[in-house]
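Working notes, beginning with the structure itself.
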Amino acid sequence: MFNNVVLVAGTALTAAANLLFAVIRVSSPYWAFGFPAAILSVFGADFVFAAGTLFVAKISLPHEQSLAGALFQTMTQVS
């Protein structure tokens, strides 16, 4: 349950960052849209990465956890 909450929070933060970047006004200062969007983007990605790592560790068998972790790392680095 906690993993789902962290995953939803991470995707919501990333979505909010994308929305802030999408509605940015040229005349507004950097601190109004750009900086909050950059901060939310980082927090969102960190939450999604942490939740994904915990999910992979939870669903894989004990003798497969190292391989599952390596595949998850590879997937996140490639994408």
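Key figures for this structure:
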| quantity | calculated |
| --- | --- |
| Residue list for the range 1-23, restricted to those being at pLDDT below 90 and over 12 Å from the mean Cα position of the chain (by Cα) | 1, 2, 3, 4, 5 |
| Filter result (among the polar types (S, T, N, Q) and in a loop (DSSP other than H, G, I, E, B)) within the range 9-51 | 27, 28 |
| Search result, residues across the range 1-46 that are exposed (fewer than 12 other Cβ atoms within 10 Å of the Cβ) and farther than 28 Å from residue 58 by Cβ | 22, 23, 25, 26, 27, 28, 29, 30, 31 |
| Near pairs, Cβ below 8 angstrom, 6+ apart or cross-chain, from the range 39-52 (over 10 Å from residue 12 (Cα atoms)) to any residue that is open to solvent by 50 Å² or more (accessible area, probe 1.4 Å) and of a type in the set (Gly, Ala, Ser) | none |
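The values are calculated or read from the model by the stated rules, or taken from the named source; none is laboratory data. Values in this document were obtained by computation on a predicted structure and should not be read as measured data. Reconstructed Cβ throughout: ideal geometry from the backbone, glycine too, with neighbour counts over all protein chains shown. Heads up: the accessible areas ignore ligands, DNA and RNA and are worked out on the full protein's heavy atoms, side chains in. Shrake-Rupley method; radii C 1.70, N 1.55, O 1.52, S 1.80 Å.
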